[in-house]
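Before any comments, here is the structure.
The values are calculated or read from the model by the stated rules, or taken from the named source; none is laboratory data. Everything numeric in this text was worked out from a predicted model, so none of it was measured. For neighbour counting, all protein chains shown are included, and Cβ atoms are generated from backbone atoms with ideal geometry for every residue, glycine included. When the accessible area is computed, the model is the full protein with side chains, heavy atoms only, and any ligands, DNA or RNA have been set aside. Shrake-Rupley method; radii C 1.70, N 1.55, O 1.52, S 1.80 Å.
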Amino acid sequence: MHEHASARQAVETMIRSRDLEGLLRHAETIHGHRCPLLALGVKAGQYAMDYLDQENTGMEEVVAIVECNNCFTDGIQVVTGCTFGNNALIYKDLGKTAVTVARRQDGAAVRLVVPANFRERLFARYPAAGPLFEKVVVQRQGTPEDLHRFHHLWEAVARRELEEVDLSEQFLMETCTIQLPAFARILATEVCERCGEGVMESRIRVQAGQKVCLACAGEEYYLLTGQGIGCSREI
Ligand SMILES: [Zn+2]
Ligand SMILES: [Zn+2]
């Protein structure tokens, strides 16, 4: 057997050598900016992957269960290699900045959760950040200059949280063994008899003797947006 070169190897190497800055730069390419919660996701992912000592080739060797859809989750996806697209990312819509990373082989897992008073502690460490965050992010009322200042400050906060603050100050951590869900199923594709588009067979409904997709059937389906998971008939 021989090794296949993969771009993922660069990430695995950064995990093993604890190159947090390299991992954060990588995460920035999909997240679009550098921020403290992205840095925390990178750190949590690096810690978990190092602890589990399991290389991930995107074939569900490692599974990440996230409990939020915020910046943290992108750091987790990039570092663990468990993504929305490779079915190794499980999303529990609990609204907690928390992740459990598990090794499929034996269910060994580590859970990291940001403490409840995380935001207050963060703003206590960086007093200038609080009011600016409130104005620019929460109220969405910053001027272009405020926005520019905020980005600089937020990047500096991210860098310090990445390199200087100890992981034990940022997370509550526990190791555990979990029952992993079954591997993702590979299903056949059917053709919707109304729109003609290919549809995974589990998402086909029969209406008036016709096989139709959920959209054409006017049925509810699950939708993940910035609000979390909900049911919808249309966006
Ligand atoms: Zn972010
Ligand atoms: Zn259709």
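Between segment 75-150 and segment 200-220, how far is it from one alpha carbon centroid to the other, in angstrom? Using only Cα atoms, the two centres lie 37 Å from each other. GNM on the chain, alpha-carbon springs under 10 angstrom: the most fluctuating residue among Leu40, Leu162, Leu122 is Leu122.
With r defined as the distance between the Cβ atoms of Gln179 and Thr13 and R0 fixed at 41 Å, what FRET efficiency is calculated, to the nearest 0.05? Efficiency for this residue pair is about 0.85. Based on the Cβ-Cβ distance of Phe123 and Arg25, what FRET efficiency does E = 1/(1 + (r/R0)^6) give at R0 = 30 Å, to the nearest 0.05? Calculated value: 0.75.
Could you compute the FRET efficiency for His33 and Val191, with r as their C-beta to C-beta distance and R0 at 45 Å, rounded to 0.05?
Working: r = 41 Å, r/R0 = 0.91.
Computed FRET efficiency for His33 and Val191 comes out at 0.65.
Here the spin labels are modelled as points 7 Å beyond Cα on the Cα-Cβ line, and at Asp106 and Leu153 they lie 4.7 nm apart.
Roughly what percent of Cα-Cα pairs across segment 168-235 reach past 21 Å? Mind showing how you got there, number by number?
On the way: 1159 of 2278 pairs.
Considering segment 168-235, 51 percent of its Cα-Cα pairs are separated by more than 21 Å.
Per residue, how large is the accessible surface of the chain? Use a 1.4 angstrom probe and give square angstrom.
Numbers: 13490 Å² over 235 residues.
Averaged over the residues of the chain, the accessible area is 57 Å².
Here the chain is treated as a Stokes sphere of Kirkwood radius computed over C-alpha pairs; at 37 °C and 0.692 mPa s its diffusion coefficient rounds to 165 µm²/s.
Counting Lys +1, Arg +1, Asp -1, Glu -1, what net charge surrounds Asp50 among other residues with beta carbon under 9 Å of its beta carbon?
Working: positive: Arg16, Arg18; negative: Asp53.
Residues close to Asp50 contribute a combined charge of +1.
How many percent of the accessible area of segment 189-232 is carbon or sulfur, using a 1.4 Å probe?
Numbers: 1380 of 2900 Å².
The value for segment 189-232 is 48 percent carbon and sulfur by accessible area.
Find out how many positive minus negative residues lie around Lys211, taking Lys and Arg as positive, Asp and Glu as negative, among other residues whose Cβ is under 15 Å from that of Lys211. Counting the neighbours of Lys211, the net charge comes to -2. Of the residues Arg159, Arg125, Arg140, the one that moves most in a GNM of the chain with alpha-carbon contacts below 10 Å is Arg140. Identify the residues of segment 61-98 with backbone N under 12 Å of a label point that sits 7 angstrom from the Cα of Tyr221 along the Cα-to-Cβ direction, or state none. Those under the cut-off are none; the list is empty.
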